[in-house]
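S.K.: Structure incoming, see below.
Bear in mind that the values in this text are calculations on the coordinates, not laboratory data. Note that the coordinates shown come from a computational prediction; the quantities given were computed from them, not determined experimentally. Because the Cβ atoms are built from the backbone with ideal geometry, glycine has one as well, and the counts that use them run over all protein chains shown.
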Amino acid sequence: LRREPGRTLADALRRAAAGVVDPPTSFTLTGTPRELPTATEVGLLRIAQGALGNVTEHAGASQAWVELAFTPDAVRLEVRDDGRGLPEGRGDALRCHGCRRRGPSCRQGRRRDPRRRRRTECPADGR
């Protein structure tokens, strides 16, 4: 991700979502984008790419969504799908390795169905 037009995290995530044909994948950006440390942006992109790879290979989904949300306190990435998810108990084994390498301030969370969502949140300054 270089600091030039068309090379923002949002642009990279938009291209990653557009590159997934099966299942069709949409991208949504909410909030006001801001520059994050390069390591954070690259980490979030890699997390999204990995999650989209899992959706394509394992989910049996008919639709997937990528959302990047900037709030005053944080930046959140969420990748979700309408597929079958992981077998019971497998979701707990997944870890957000990219977040842990950047330190404890980034965290992975779960919402309702841990099998079909990957949510990663970092503080507003990306550190």
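S.K.: Would you please classify the overall shape of the range 1-64 from the alpha carbon gyration tensor, given that a ≥ b ≥ c denote the square roots of the eigenvalues, rounded means a/c under 1.5, and beyond that prolate means a/b larger than b/c while oblate covers the rest?
M.R.: Since a/c reaches 1.5 and a/b is larger than b/c, the shape of the range 1-64 is classed as prolate.
S.K.: Note the full-extension length gain between Glu4 and Glu57 as 0.36 nm times their separation in residues minus their Cα-Cα distance, in nm to one decimal.
M.R.: Taking Glu4 through Glu57 to full extension adds about 15.8 nm, to one decimal.
S.K.: Moving to a separate point now. Considering the dipole of the range 14-59 built from charges on the beta carbon (Lys and Arg +1, Asp and Glu -1) around the Cα centre, which of Leu36, Asn54, Pro24 is farthest to its positive end?
M.R.: Leu36
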